[in-house]
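**Q** Sharing a structure below in structure tokens format, with a few things to ask.
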Amino acid sequence: MELKLKRPICFFDLETTGTNVSTDRIVEIAITKVFPDGRKEEKCRKINPTIPIPLESSLVHGIYDDDVKDAPSFKQVAKGMYEFLKDSDLAGFNSNKFDVPLLLEEFERVGIEFDLEGVNLVDVQNIFHQMEQRTLVAAYKFYCDKDLTNAHSAAADTNATYDVLKSMLDMYNGVEFTNRDGEVSIPVINDMEKLGVFSKRNNNVDLVGRFSYNKENIEVFNFGKHRGKPVEQVLSEEPSYYAWMMNGDFPINTKKVLESIKLRILQKKFGE
């Protein structure tokens with residue numbers, strides 16, 4: 001089943017120096033941009049991360065320091081990449097948890113704010129794990145009846161993810177899903193906005209989930225000694241925690257969310 005698109009959607013995959021959104025860097029990015037008329041445009045390029053690639057990471061994706069020493073830095077390609085992505089929804093495999101936050105972190109470092117307002121984030125892994133709970137290699141075999149022979153190659157993973165989503169739409173056409181609350185729906189439909197909602201497994205406030213919304217739709221901490229406590233309450237009772245986080249090793253997006261909550265507290269106080 002081909003995708004029904006109201007706007008382009010970019011399937012993308014990153015190979016990186018590691019798995020820390022705050023400190024690691026992109027070494028390769030592959031993008032398959034699918035347009036509403038079915039046309040596709042593909043880009044794949046290596047990136048000089050400007051930091052050494054750990055051996056354990058190179059052994060996974062096969063990209064070593066020598067492979068990227070003459071490649072452009074992210075700063076050099078950022079503007080063109082932003083222009084290619086900015087009008088599109090974003091899709092990938094485990095993209096909501098890692099690829100999207102890391103990509104936006106790279107943009108933030110070079111002074112480009114990638115606004116996700118109105119952007120549907122379709123995480124094919126989240127759909128897959130909720131419906132079948134396996135890996136990309138297994139997903140490709142299960143849904144497409146093909147072997148993914150070049151796994152951990154950004155281009156191969158990107159196109160495999162695109163094929164898997166199309167096959168999912170065929171397989172789950174009209175299939176009911178029951179969530180943990182016993183609510184029944186038919187969530188896997190050919191609509192990027194609804195797939196984006198179904199892909200969102202956690203009700204996170206920031207991209208990496210340091211804060212989440214509770215059942216009352218209040219922002220609460222999702223880690224550490226204040227897990228489950230309202231962010232406003234903690235910042236009011238323990239102002240030093242704000243400074244600790246703003247000076248700590250947290251993603252830029254997380255700090256921006258924290259800053260906006262702090263500003264809201266001050267505005268309420270000023271208004272009173």
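**Q** Within region 1-37, restricting attention to residues that are farther than 14 Å from residue 91 by Cβ and of a type in the set (Asp, Glu), which residue is surrounded by the fewest Cβ atoms within 10 Å (Cβ to Cβ)?
**A** Only one residue tops the list, namely 37.
**Q** Scan region 211-233 residue by residue and report those that are hydrophobic (A, V, I, L, M, F, W, C) and assigned to a loop (DSSP other than H, G, I, E, B). Walk me through it before giving the result.
**A** Of region 211-233, the ones hydrophobic (A, V, I, L, M, F, W, C) are 211, 218, 220-221, 223, 231.
Within region 211-233, 218, 223 qualify.
**Q** Additional query: What's the total number of residues in region 82-100 that are surrounded by 22 or more Cβ atoms within 10 Å (Cβ to Cβ) and either touching a Lys or Arg at 6+ places or on another chain (Cβ under 7 Å) or not hydroxyl-bearing (Ser, Thr, Tyr) (or both)?
**A** Narrowing region 82-100 to residues surrounded by 22 or more Cβ atoms within 10 Å (Cβ to Cβ): 89-93, 95-96, 99-100.
From the residues that got through so far, the ones that are either touching a Lys or Arg at 6+ places or on another chain (Cβ under 7 Å) or not hydroxyl-bearing (Ser, Thr, Tyr) (or both) too are 89-93, 96, 99-100.
Number satisfying all stated conditions: 8.
**Q** Would you pick out the residues in region 62-80 that are touching a strand residue (DSSP E or B) at 6+ places or on another chain (Cβ under 8 Å) and either in a loop (DSSP other than H, G, I, E, B) or at pLDDT below 95 (or both)? Outline the logic, then answer.
**A** Of region 62-80, the ones touching a strand residue (DSSP E or B) at 6+ places or on another chain (Cβ under 8 Å) are 63, 67-74, 77.
Those that are touching a strand residue (DSSP E or B) at 6+ places or on another chain (Cβ under 8 Å) and either in a loop (DSSP other than H, G, I, E, B) or at pLDDT below 95 (or both): 63, 69, 70, 71, 72.
**Q** Which one of 177, 250 is in the same structural domain as residue 43 (by TED's automatic domain parsing), farther than 30 Å from residue 39 by Cα, in contact (Cβ under 8 Å) with a residue 40 or more places away in the chain and of a type outside the set (Gly, Ala, Ser)? Talk me through it step by step, then tell me what you get.
**A** On the way: 250 fails: in the same structural domain as residue 43 (by TED's automatic domain parsing).
Of 177, 250, the one residue that is in the same structural domain as residue 43 (by TED's automatic domain parsing), farther than 30 Å from residue 39 by Cα, in contact (Cβ under 8 Å) with a residue 40 or more places away in the chain and of a type outside the set (Gly, Ala, Ser) is 177.
**Q** Of all residues in region 1-32, which are more than 16 Å from the chain's Cα centre (by Cα), of a type in the set (Lys, Arg) and closer than 24 Å to residue 253 by Cβ?
**A** Matches in region 1-32: 7 only.
**Q** Here's a follow-up. All but one of (1) under 19 Å from residue 132 (Cβ atoms); (2) outside any loop (DSSP other than H, G, I, E, B) hold for residue 180, so report the exception by its number.
**A** In the conditions (1) under 19 Å from residue 132 (Cβ atoms); (2) outside any loop (DSSP other than H, G, I, E, B), residue 180 misses (2) alone.
**Q** Right, here's the next one. Do you know which residues across region 142-179 are surrounded by 15 or more Cβ atoms within 10 Å (Cβ to Cβ) and charged (D, E, K, R)?
**A** 157, 163, 166
The values are calculated or read from the model by the stated rules, or taken from the named source; none is laboratory data. What you see is a predicted model; the values in this text were computed from it and never measured. Quick reminder, even Gly has a Cβ in these numbers, built from the backbone with ideal geometry, and neighbours come from all protein chains shown.
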